[in-house]
Protein chains: 2
Amino acid sequence: MEPFDVHILGCGSAKPTHKHFPTCQVVNIRGKLMMIDCGEAAQMQFARQKLNMNRLGHLFISHNHGDHVFGLPGLISTMALLGRTSEFHIYGPQQIEEYLNVIMKIYCEGIDYKVIFHSVRTREHYLLFEDKSIEVWSIPLEHRIPCCGYLFREKPSLPHIRREMIDAFNIPVSQINNIKAGASWTLDDGTVIPHEQLTYPAEKPRSYAYCSDTIYLPQLKEILKGTTLLFHEATYPHEMLARATETRHTTALQAATLARDAEVHQLCIGHYSGRIKDEDVHLAEAKSVFQNTILAQERLVIPL
Amino acid sequence: MEPFDVHILGCGSAKPTHKHFPTCQVVNIRGKLMMIDCGEAAQMQFARQKLNMNRLGHLFISHNHGDHVFGLPGLISTMALLGRTSEFHIYGPQQIEEYLNVIMKIYCEGIDYKVIFHSVRTREHYLLFEDKSIEVWSIPLEHRIPCCGYLFREKPSLPHIRREMIDAFNIPVSQINNIKAGASWTLDDGTVIPHEQLTYPAEKPRSYAYCSDTIYLPQLKEILKGTTLLFHEATYPHEMLARATETRHTTALQAATLARDAEVHQLCIGHYSGRIKDEDVHLAEAKSVFQNTILAQERLVIPL
């Protein structure tokens, strides 16, 4: 199966700790790398993970808080130093553009590649990007400033050919793409071998949903329905619900409730408050509602 | 003796490597912390070193290249989150102010402390800051843009009292400060005990000079004469002299030559090019000219 992995490069929140870097993730979809958020030191974590910057074409930013964007000038400068010439696309709420423009003006004048900003409407769920195999959709979130999540989805693949049928019926190679696309095969005596007998179904398309930072939004279960992996912030344990609500964040219990209600396959929680000493409390709390939960940590790679 | 330590938080150059963070150092002079340069992830490295942000009052920036300033927004934001109320002073070439103003406007509006910028004249060697025990001076450097180094110097201390003399001559405690300040002591019979007999000299004032980034400037030996510890960039080995000259950097051999000519006590080299695989080549080269040389590395603490 083609790779579809999520690399956690940073999963802390705004206050620094000894343990965590601020938010940054990289999604590897079939060898194509897409970054999500760009907290300070994103480029160092990227290098440590031995990821290839030439394969990084897109960055999706959730919102314009420092712990999600302060890695941006370093990333853009370093790609220029490494001789990049291909376009780099940044998606995010409109507010990010002012900072980006200043970085480009002061530190990146005359670089050899284009940085293209795409403003995202954070209150809508809509298709932002697609190519022949994947789609990226926005997920409306609610934080103290405009904020959205992102849904990465494989497009359905064509079914696989049953090698033994091709051999048995002597089907020429030139017909294989037609059969994959849905055609049947007619023998010389007129017998029709149906498409279903010549193929077996493709794997179910995989999907990754990223939700950070936000208050608990139960209605997201519709958008997230059946997602393979959901990353959801869980800044606080549920005993700090008042603080979570006030700062527009989610508790571990709430994140797990959403995962359960959306019937996702796996939940990964992170964006831990700097006040939290023991993240196992988050994990136990989430697992009490949704068993297939893991804790984000730096350098973790989650295959879908 | 009061502490005077240099913490290396980052000693790489602009291109990221697996091993190095971009430039940042912290000088601990008698419990007061002063940061030098503020490359990306400075605040994380600061936290990992278990340094106390409340003791950090000053930042001295050499020049406005990204690998020396991209940690600035994170540092300023985090100090605000930690509840800082005391002023924070930033010294550096005028060019830095534009970036600083944008950061303050977009990400730090309404924070509870003042960030005060002091523009440094990079072509002059002059006193920038002093308090009762230390001085900080600028060191003119030459790089592709205006750039300066910094010299941290203890002021001479008063001599130490010889406890046994005080006891022998029954000198009252009230007179000790006078004696430290240079007074002699007259016995009842008129005999004068000279100051020198009552005291022993204070330790020689220590000094730390920071020179990065710059072409080799032999004339600096005057300013650096007798410095306790010199940090000097050594971006390239000497076989890459042409590249060093072109990019306005120094080779390890040149840095060591300056250390020898300035008769410093110890040399620390760093700011390694991302092209360098083996820093031991730098070390061997520098030691061939100046034996008391060490390699900078992240989290190294050098006591003076």
Pairing the Cα long axis of helix A:72-81 with the longest principal axis of chain A, what angle in degrees results, from 0 to 90 and rounded to the nearest 10? 60
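Of the lysine pairs in segment A:98-210, how many meet both conditions: Cα atoms under 24 Å apart, and a spacing of 8 or more in sequence or different chains? Provide the component values of the computation, followed by the final result.
Numbers: A:Lys105/A:Lys114; A:Lys114/A:Lys132; A:Lys132/A:Lys155; A:Lys132/A:Lys180; A:Lys132/A:Lys204; A:Lys155/A:Lys180; A:Lys155/A:Lys204; A:Lys180/A:Lys204.
The result is 8.
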How many angstrom lie between the Cα centre of segment A:64-96 and the Cα centre of segment B:1-79? 22
Diffusion coefficient in µm²/s returned for segment B:160-200 by Stokes-Einstein, Kirkwood Rh over C-alpha pairs, 10 °C and 1.306 mPa s, is 159
Computed over chain B, the Cα gyration tensor eigenvalues, each multiplied by 5 and square-rooted, give semi-axes in Å (largest first) of 39, 26, 16
Defining the label point at 7 Å along Cα→Cβ, can you sort the distances from A:Lys19 to the same site in each other copy, shortest first, in nm? 3.0
Nearest 10 degrees, 0 to 90: helix B:252-261 Cα axis against chain B principal axis: 20
Within the under-13-Å Cβ sphere about A:Asp67, not counting A:Asp67, Lys/Arg +1 and Asp/Glu -1 give a net charge of -2
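Which value in deg cm²/dmol, rounded to the nearest 500, describes the helix-derived mean residue ellipticity at 222 nm for chain A, given -39,500 (n - 2.57) per DSSP H run of n ≥ 4 and division by the residue count? Write down the numbers at each step before the final one.
Numbers: 11 runs with 76 residues, N = 304.
Here the helix-only value at 222 nm equals -6000 deg cm²/dmol.
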To the nearest 10 degrees, the tilt of helix A:96-107 (Cα long axis) against the first principal axis of the alpha carbons of chain A is 80
Percent RCO, i.e. relative contact order, over chain B, from Cα pairs under 8 Å lying at least 6 residues apart: 17
Once every Cα of segment A:125-256 carries one equal point scatterer and solvent is ignored, give the base-10 log of I(q)/I(0) from the Debye formula at q = 0.10, 0.11, 0.16, 0.21 Å⁻¹, two decimals. -0.52, -0.57, -0.81, -1.12
Summed over the other residues with a beta carbon less than 15 angstrom from that of A:His7, with K and R at +1 and D and E at -1, the charge totals +3
Between the alpha-carbon centers of segment A:200-252 and segment B:179-229, tell me the distance in whole angstrom. 63
The ³J(HN,Hα) series, computed from each phi in segment B:50-61 with the Karplus coefficients 6.51, -1.76 and 1.60 at θ = phi - 60°, rounded to the nearest Hz and given as x for glycine or proline, is 6, 7, 9, 5, 5, 8, 8, x, 9, 10, 10, 9
Cα pair count fraction exceeding 18 Å, expressed as % - segment A:183-299: 55
Mind listing the phi-derived Karplus ³J(HN,Hα) values for segment B:24-37, rounded to whole Hz, using 6.51, -1.76 and 1.60 with θ = phi - 60°, and x for any glycine or proline? 6, 9, 10, 9, 9, 10, 6, x, 8, 9, 10, 8, 10, 6
q = 0.07, 0.10, 0.11 Å⁻¹: log10 I(q)/I(0) that the Debye formula gives for the protein assembly as shown, counting C-alpha atoms only: -0.54, -0.92, -1.04
Calculate one ³J(HN,Hα) per residue across segment A:201-217 by plugging θ = phi - 60° into the Karplus curve 6.51 cos²θ - 1.76 cosθ + 1.60, and present them in order as whole Hz with x for glycine and proline. x, 5, 4, 5, x, 9, 8, 10, 10, 10, 10, 7, 9, 6, 6, 5, 10
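Below 10 angstrom from the Cβ of A:Leu56, what's the summed charge of the other residues (Lys, Arg +1; Asp, Glu -1)?
Numbers: positive: A:Lys32, A:Arg55, A:Arg84; negative: none.
Summing Lys/Arg as +1 and Asp/Glu as -1 gives +3.
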Selected from A:Ile179, A:Ile36, A:Ile90 as most flexible by GNM, with chain A as the system and alpha-carbon contacts under 10 Å: A:Ile179
Near the amide H of A:Cys268, under 5 Å away, which other amide H atoms are found, from residues 5 or more places off or on another chain, if H is placed in the peptide plane? A:Leu230, A:Phe231, A:His232, A:Ile294
State, to one decimal in nm and shortest first, how far the label point of B:Glu203 sits from each corresponding label point in the other identical copies (label point: 7 angstrom along Cα-to-Cβ). 6.3
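We did not get these values from a lab; they are worked out from the coordinates using the rules stated. This is a predicted model, so every value here is computed, not measured. Because the Cβ atoms are built from the backbone with ideal geometry, glycine has one as well, and the counts that use them run over all protein chains shown.
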